[in-house]
Amino acid sequence: MAVKKFVVGCFDEEGPLFDAVKKVRKSGYKLHDVYTPFPIHGLDKAMGLRDTSIHTAGFLYAIFGTTSMLSFMTWVFTKDFPLNVGGKPHFALPAWIPITFEFTVLCACVGMVITFCYLCQLAPFVKKHHFHLRATDDRFVMVIECTPKTNESELSSFMTSIGATEVNVQNAETGWWLGRYDKEQKLFEGQSETVSA
Amino acid sequence: MAIKEFFAIPARYRTWSLALMGVGILSVIIGFFIYGIPNEHNHHGARFWASLLQNSVYFLLVVNASMFFICATTLAFGGWQIVFRRVTEAISVAVIPLGIITLIVLIALVTVDPHIFHWLHPEGDKILMGKSAFLNPTFYIIWTILAIGLWIVLGYKMRQLSRELDNNPPVDAEAGRKYIFKNTVWAAIFIVWFALTVMSTVPWLWLMSIDAHWYSTMYSWYTFASTFVAGMALITIFVVYLKNQSYLEYTNEEHIHDLGKFMFAFSIFWTYLWFSQYMLIWYANIPEETVYFNSRITSKSHNGAYSGLYWFMFALNFLAPILILMRRGSKRNYTTVTFMAIVIIFGHWLDFYQMVFASLFPDHVTLNLFDFGVAAGFVGLIMFATGRALTKAPLLAKNHPFIKESIIHHT
């Protein structure tokens, strides 16, 4: 991936965020992403994101689980190690359904979790740039990517005008890289956070 | 756009409901002369009564599932269904005429005795003697009257509570809270009675006792799941119909999506129970239990007459919903959802058909126009009763405390 320039705006509440997203998209700026402490209903629609295809992935994992487990058990109990269990036929389909079902669910769940983490670029021993640490706590952070045509100061004042309480410009790596947060980065170093009661 | 508060029955709707009821009455009369009069081909007229038993019990439990849906969502403090709650209430009104018909049929089964319940004559049969404390005409009649009667009375109470707010909205939040609490109390009473009847005793008495020697602990749940998913399908059909007639302005694809989820989830729940019942019997392989599947499933040693119908019913009730309703888009599409609702209602009607007929006439399938005619009659009656009930109250319970939550509902 590459290092790009971003303008980052923080919002205190989710209410103005919808309006701000609409205005940003209308004025033609390139919306990179919006980071929020909790899922916000309808924000994906407002941002114009397409429907996630993670359920399609889940369906494929499930199909994989069903077929692989059924064929594995068929091979084991009819070819590799046929046993007479209570006079049942070797191909004892009803007895395999629970196992097939469980394996289907397992494949779908684990597969979807891993896919989700991959899409979000989350993994152990991997780092990713955080635009604002309080996006995990109480700030709603909108990130706009700068193109060669973007005027940063104009964009910054535009962000303030649509309700951002804090605006800054960052050069950031968009991808992920090997590294550890706890060893390599001192969080809040050199920043004094004021906490008001 | 002005809000259409009251449903006015369109002429076509009325014609259809009356025509279907006419077909039903005609079928019952013709069926009685062909199948109902005892002769040497048809002992005791069981064929006629079996069809009445299947149809009346099935459609009664389907419309009653609507009241169960109201009470279950009330107990769960659900808000999303309020915009179309009046539709579910109207469907539950159909419990009154269907309940009366079913009551007559069920009492006739033990008084006229067309040889559907052989537990009526337990003499000399050790197993039936052992079960006679439960399977006897007195208990059967009392319990049937109580079951249907209390469904009607408690359902009426729930509908009254809903109407109460139409002209006098709750004055403040406290009054709203009190109203919700009162609702939960009555809903809880209904649910308890529902658990004691539909989820346990009633399917044992009305359906499982056809095979009086056989029993399955899954049977009542299975019956409940069957009728509940068909009930959700019926609600969906009425909601979509009213939408198409430009009623229910506040109901949109978000609500349809949730109804679709119910149909999808409970189709799988039904399959789960179906499979649990089947697998335990298959696994244990005890002759007293496997006898149930002799007529239903073809095996190496035995040719079940109902096998084709049984697996067709399974495909309609499991494969079709799971494959078609799985996608988000299909649950939000009015056409797909309506199509699936019809498939599900028909599929579970076939399920009830095999529950009754494969036990009574195990040698060959007798499904013909007579059965469909009787079913048409009940469909017409549901249409008629629900349509009438829809005109009686405003379509939107506009003063319900949860109405806003329902309007802005979002999945």
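Condition check ((1) farther than 30 Å from B:F238 by Cα; (2) away from chain A (no Cβ under 11 Å); (3) not aliphatic (A, V, I, L, M)) across all residues:
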residue	(1), (2), (3)
B:H257	no, yes, yes
B:W270	no, yes, yes
B:S276	yes, no, yes
B:L280	yes, no, no
B:E289	yes, yes, yes
B:Y292	yes, yes, yes
B:K300	yes, no, yes
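In segment A:32-61, the qualifying residues are those that are in a helix (DSSP H, G or I) and more than 13 Å from chain B (Cβ to nearest Cβ), and the one that is surrounded by the most Cβ atoms within 10 Å (Cβ to Cβ) is A:Y61. Among the residues in segment A:154-176, are any free of Cβ contacts under 8 Å to residues at least 12 places away in the same chain and under 26 Å from A:I54 (Cα atoms)? Scanning segment A:154-176, I find no residue that is free of Cβ contacts under 8 Å to residues at least 12 places away in the same chain and under 26 Å from A:I54 (Cα atoms), so the answer is no. With respect to (1) surrounded by fewer than 17 Cβ atoms within 10 Å (Cβ to Cβ); (2) touching a residue at least 12 places away in the same chain (Cβ under 8 Å); (3) within 14 Å of chain A (Cβ to nearest Cβ), the lone exception for B:T184 is condition (3). Scan segment B:174-181 and tell me whether some residue there is of a type in the set (V, I, T) and crowded, with 20+ Cβ neighbours inside 10 Å. No: segment B:174-181 contains no residue that is of a type in the set (V, I, T) and crowded, with 20+ Cβ neighbours inside 10 Å.
For A:W96, indicate whether it is among the hydrophobic types (A, V, I, L, M, F, W, C), closer than 30 Å to B:Y283 by Cβ, without any contact (Cβ under 8 Å) to a residue 60 or more places away in the chain and surrounded by fewer than 13 Cβ atoms within 10 Å (Cβ to Cβ). Spelling it out, it is not the case that A:W96 is among the hydrophobic types (A, V, I, L, M, F, W, C), closer than 30 Å to B:Y283 by Cβ, without any contact (Cβ under 8 Å) to a residue 60 or more places away in the chain and surrounded by fewer than 13 Cβ atoms within 10 Å (Cβ to Cβ).
Summed over segment B:270-329, residues that are assigned to a helix (DSSP H, G or I) and of a type in the set (S, T, Y) total 9. Here the condition is being in contact with a strand residue (DSSP E or B) (Cβ under 6 Å, 6 or more places away or on another chain), aromatic (F, W, Y) and either assigned to a strand (DSSP E or B) or more than 14 Å from chain B (Cβ to nearest Cβ) (or both); of A:F131, A:F116, A:F64, A:F103, it holds for A:F131 alone.
Restricting attention to segment B:243-254, which residues are touching a Ser or Thr at 6+ places or on another chain (Cβ under 8 Å) and assigned to a helix (DSSP H, G or I)? Spell out how you get there, then give the answer.
Start the filter on segment B:243-254 by keeping residues that are touching a Ser or Thr at 6+ places or on another chain (Cβ under 8 Å), which leaves B:243, B:250, B:254.
Result: B:K243, B:E254.
Of the residues screened, B:F346 is one that is closer than 27 Å to B:M208 by Cβ, under 21 Å from the mean Cα position of the chain (by Cα) and surrounded by fewer than 17 Cβ atoms within 10 Å (Cβ to Cβ).
One line per residue, one yes/no per condition, for (1) part of a helix (DSSP H, G or I); (2) touching a residue at least 40 places away in the same chain (Cβ under 8 Å); (3) of a type in the set (D, E):
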residue: B:I34; (1), (2), (3): yes, yes, no
residue: B:V57; (1), (2), (3): yes, yes, no
residue: B:N64; (1), (2), (3): yes, yes, no
residue: B:R85; (1), (2), (3): yes, yes, no
residue: B:E89; (1), (2), (3): yes, yes, yes
residue: B:D113; (1), (2), (3): no, yes, yes
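Selection of segment A:78-90 for residues being more than 12 Å from chain B (Cβ to nearest Cβ) and hydrophobic (A, V, I, L, M, F, W, C) yields A:F81, A:L83.
Criterion first (hydroxyl-bearing (S, T, Y) and modelled with pLDDT of 95 or more) does A:T36 satisfy it? It is false that A:T36 is hydroxyl-bearing (S, T, Y) and modelled with pLDDT of 95 or more. Counting only residues that are farther than 17 Å from B:Y241 by Cα and among the β-branched types (V, I, T), segment B:371-411 holds 5 of them. If you go through segment B:125-147 and keep only what is of a type in the set (K, R) and free of Cβ contacts under 8 Å to residues at least 60 places away in the same chain, you end up with just B:K126. If you filter segment B:395-411 down to residues that are within 14 Å of chain A (Cβ to nearest Cβ) and assigned to a loop (DSSP other than H, G, I, E, B), you find that the one that is surrounded by the fewest Cβ atoms within 10 Å (Cβ to Cβ) is B:H410.
The values are calculated or read from the model by the stated rules, or taken from the named source; none is laboratory data. Remember, predicted model here, so these are calculated numbers, not experimental data. Glycine gets a Cβ as well: all are built from the backbone with ideal geometry, and neighbour counts include every protein chain shown.
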